[in-house]
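The values are calculated or read from the model by the stated rules, or taken from the named source; none is laboratory data. Quick caveat, the model's predicted, so the values are computed rather than measured. A quick note on method: Cβ atoms are made from the backbone with ideal geometry, for glycine too, and the neighbour counts reach across all protein chains shown. Areas reflect the complete protein model, heavy atoms only, side chains present, ligands, DNA and RNA absent. Shrake-Rupley method; radii C 1.70, N 1.55, O 1.52, S 1.80 Å.
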Amino acid sequence: MDCCGHEGPGGGDARFEVKKVADGVYAAVAAPAYKVNCNTAIIENDDGVMIVDTHSKPSAARVIVEKLRAITRKPVRYVINTHFHWDHWHGNEVYPATYPGAEIVTNQITREAMVMKGLKRIQDHVRQVPGEIAKLKADLQAASPSQRTKLEADLRLAEAYLGEVKALKPALPTIAFEETMKLYRRDREIHLLHLGRAHTAGDVFVYLPREKVVITGDAMIGWTPFMGDGYPEEWAATLDRLAQLDFTHIVMGHGDITGREWLGTFRSYVHDMVEAVRQEAATGATLDEVKQRVTAKLAPRYEKPFSTYGDYRPWRTGVLANIERTFAMAS
């Protein structure tokens, strides 16, 4: 499965393991990092390459560009953004700069979210990261020798990220579709689908019917989902529509390549969490009571499968945030 090494020149915390999923289809699986990077899917066609999602910063996208040279000499013709969150599109600018004529594609809902929310969040990062840096410096002053190495590394990464986000030249999609867009290459069909609201209002799924591969963005990930911009009450139904497609391999927004079995677990978690919150809210329970009761109810079934990445994304932290989001929408 392995194709290439973990990191390109100057990669910093942009570490990827490139794995072959099918003929001409690869997933650059991102390692856990201080500033999270998404996975990237690489789809080689007869006349060029399609990239799905571009990470949290241009330097991470440049690592992928370097890795591409070990896979193919063909140019990148299309970049797909699965949704508007920063860690999936802040590297967009690298592709048209490296491959003139490359088109950036998403659906209309996601493009509007990038304009209305995404651009503002870039400025939020510019304002907020200096506070992170100040806290890391204070923590470093008080740290024990065993803690210093990690804190020093995080400080370097935070300072580097601030420099990148200040210099960001946001590259918005140049093509937007509504519900479905299909590309027919000589050797491949590529379906871009909007199946409903889940992680965001405009999640884009990329489906390769011949290869039986689906790329989900953060509508599915390898740890507890983030629901801050999501629609927990609609999420499971969107995944039910996904389940109607014929596929065997899933490239998620974060986490390793997986199969249909994880779709079942992930969908059940979302459904069971929502139902448990609804039931508790209907009794008049407070948010704190709902958090305690729902966590206790779900933990026996879901804590272990959602803890593969351990302390990087702890299940109990994630489920509390999910409960709070669902409670606010259900109340």
Practice task
Could you name every one of the helices (runs of 4 or more DSSP H) located completely within the stretch 93-166 that has at least 2 residues being over 30 Å from residue 76 (Cα atoms) and in contact with a helix residue (DSSP H, G or I) (Cβ under 8 Å, 6 or more places away or on another chain)?
Solution key: 119-142
Completion exercise
In the stretch 40-76, anything under 22 Å from residue 207 (Cα atoms), open to solvent by less than 10 Å² (accessible area, probe 1.4 Å) and part of a loop (DSSP other than H, G, I, E, B) is listed as 45, 48, 53, 54, 55
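Any idea which residue in the stretch 200-244 is most open to solvent (accessible area, probe 1.4 Å), counting only those that are of a type in the set (D, E, K, R) and more than 23 Å from residue 29 (Cβ to Cβ)?
In the first step, residues of the stretch 200-244 are kept if they are of a type in the set (D, E, K, R); the result is 203, 210-212, 218, 229, 233-234, 240-241.
Then keep just the ones that are more than 23 Å from residue 29 (Cβ to Cβ); that gives 229, 233-234, 240-241.
Values: 229: 27, 233: 79, 234: 69, 240: 61, 241: 107 Å².
Across the stretch 200-244, the extreme among qualifying residues is 241.
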Practice task
Name the one entry in 80, 109 that is β-branched (Val, Ile, Thr), closer than 20 Å to residue 228 by Cα and modelled with pLDDT of 95 or more.
Solution key: 109
Exercise for the section: Can you tell me which residue within the stretch 266-315, out of those that are in contact (Cβ under 8 Å) with a residue 40 or more places away in the chain and open to solvent by 70 Å² or more (accessible area, probe 1.4 Å), is nearest to residue 251 (Cα to Cα)? Expected result: 308
Fill in the blank from the handout: Per the list (1) surrounded by fewer than 19 Cβ atoms within 10 Å (Cβ to Cβ); (2) touching a helix residue (DSSP H, G or I) at 6+ places or on another chain (Cβ under 9 Å); (3) of a type outside the set (A, V, I, L, M, F, W, C), residue check on residue 255 breaks on (1)
Exercise for the section: Evaluate the stretch 176-184: report whether one residue or more is open to solvent by less than 10 Å² (accessible area, probe 1.4 Å), in a loop (DSSP other than H, G, I, E, B) and in contact (Cβ under 8 Å) with a residue 40 or more places away in the chain. Expected result: no
Exercise for the section: Could you tell me whether any residue of the stretch 112-120 is without any contact (Cβ under 8 Å) to a residue 12 or more places away in the chain, small (Gly, Ala, Ser) and surrounded by 13 or more Cβ atoms within 10 Å (Cβ to Cβ)? Expected result: no
